[in-house]
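The block underneath contains the structure these notes are about, expressed in structure tokens.
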Amino acid sequence: MKNPILMELKKYNGYISGEQLSDKFNITRAAVWKNISKLKNKGYIIESVSGKGYKLIECPDILNEDEITENISTKFIGHTVYSYDEIDSTNKEAKRMAVSGAPDGSIFTAEIQNQGRGRLGRQWLSPKSVGIWFSILLYPDLTPDRIIPITLVAGISVCKTLISLGFDAKIKWPNDIVINGKKICGILTEMTAEAEHISSIVVGIGINVNTKSFDDDIKDKATSLYIESGKNFLRKEILCSVLETFEKYYIDYLDSGLNKIIDDYNNLCINIGKEVVACSVQEEIKGKAVRVKENGALCIATDNGIKEVNFGEVSIRGMMGYI
């Protein structure tokens, strides 16, 4: 829920008195002071001057409803924000809240995830306040076979946002974004379905933004915007850009499939033209990735013809483990 006193402080260039705030919101002066103290504890820099009142000097880079909804321009994505200082996983919370009736397009953000997950159950490290860890809850009228392209929609949305910031970002099919051959973003799309119809989809996205370093076991595979540029970035601005781009492509997908973005996706897909190996429980496919189809499948040219891969682990020769 938005903080009305914060919203009021943001309206003023100068000071607003405690009495004015007390009268406007029909609360005591003590309640105003407690509210101001809570904002300060969250990182808002508020100047308090006797006889003048309160003045908002600076807003922190936190991912909450007040900061996100103020900076976003969408039709429905991100209009409802659930934010947490710490949580097990934003994907888990989104699925829990879907059962409780959270609105379509709700987003879930966390400063820390203590059980963040990537694909295949891998751990996703989510340290405090340096990355963007969030999930989008959707209720599309789709059949389960159309979930794969949702991951592609998320991938191109993140990739386009990072490109707009000046980075040479690429998509590693189906769910990673890389810069200079290192992973900067992971995407985990999960669905809840009944029979042949999807009840809800949760798109979880983790972006390494202001991380200064990684542990030795992943430093050769992972990177961040800070490591690549030497600069810190406002996470809320990046998040809002991703959400706006995602909504545009998502609506296009619901209307006409991937037809409008598939060429752009293929141009940004680092797999294309590379020797790859695709592994699933059933088989291993080696060959050259030639394109991603409108249904989201990766086409691989093998000695036995073109094979379509819809899921599994796809590695690129010479990159992130495939030698």
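Computed values, structure above
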read-out	value
Residues that are buried (at least 23 other Cβ atoms within 10 Å of the Cβ) and small (Gly, Ala, Ser), drawn from segment 187-205	GLY204
SER37 of a type in the set (Ser, Thr, Tyr) and under 20 Å from TYR84 (Cα atoms)	yes
Per-region count, segment 286-316, residues among the hydroxyl-bearing types (Ser, Thr, Tyr) and closer than 15 Å to LYS172 by Cα	1
Residues satisfying the stated conditions in segment 185-212, i.e. modelled with pLDDT of 90 or more and among the small types (Gly, Ala, Ser)	GLY186, SER199, SER200, GLY204, GLY206
Residue that is nearest to ASP141 (Cα to Cα) [pool: residues in segment 245-283 that are small (Gly, Ala, Ser) and without any contact (Cβ under 8 Å) to a residue 40 or more places away in the chain]	SER256
Residue, surrounded by the fewest Cβ atoms within 10 Å (Cβ to Cβ), within segment 12-27, restricted to residues that are out of contact with any Phe, Trp or Tyr (no Cβ under 9 Å at 6 or more places or on another chain) and under 16 Å from GLY51 (Cα atoms)	GLY14
Yes/no for ILE261 being surrounded by 15 or more Cβ atoms within 10 Å (Cβ to Cβ), of a type in the set (A, V, I, L, M) and over 30 Å from CYS59 (Cα atoms)	yes
Condition met for LEU138 (of a type in the set (A, V, I, L, M), modelled with pLDDT of 95 or more and surrounded by fewer than 19 Cβ atoms within 10 Å (Cβ to Cβ))	no
Only one of GLY204, GLY155, GLY186, GLY230 that is in the same structural domain as LEU137 (by TED's automatic domain parsing) and either out of contact with any strand residue (DSSP E or B) (no Cβ under 8 Å at 6 or more places or on another chain) or of a type in the set (Phe, Trp, Tyr) (or both)	GLY230
Any helices (runs of 4 or more DSSP H) falling wholly within segment 1-108 and containing at least 1 residues that are within 25 Å of ARG235 (Cβ to Cβ)	4-11, 29-41, 65-71, 90-99
Close pairs (9 angstrom Cβ cut-off, 6 or more residues apart or separate chains): more than 11 Å from ILE272 (Cβ to Cβ) in segment 284-303, surrounded by 16 or more Cβ atoms within 10 Å (Cβ to Cβ) and of a type in the set (Ser, Thr, Tyr) anywhere	GLY296/THR151
Test for ASN35: is it touching a helix residue (DSSP H, G or I) at 6+ places or on another chain (Cβ under 9 Å) and not assigned by TED's automatic domain parsing to the domain that holds VAL153	yes
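The values are calculated or read from the model by the stated rules, or taken from the named source; none is laboratory data. Everything numeric in this text was worked out from a predicted model, so none of it was measured. Neighbour counts are summed over all protein chains in view; Cβ atoms, including those assigned to glycine, are modelled from backbone coordinates with ideal geometry.
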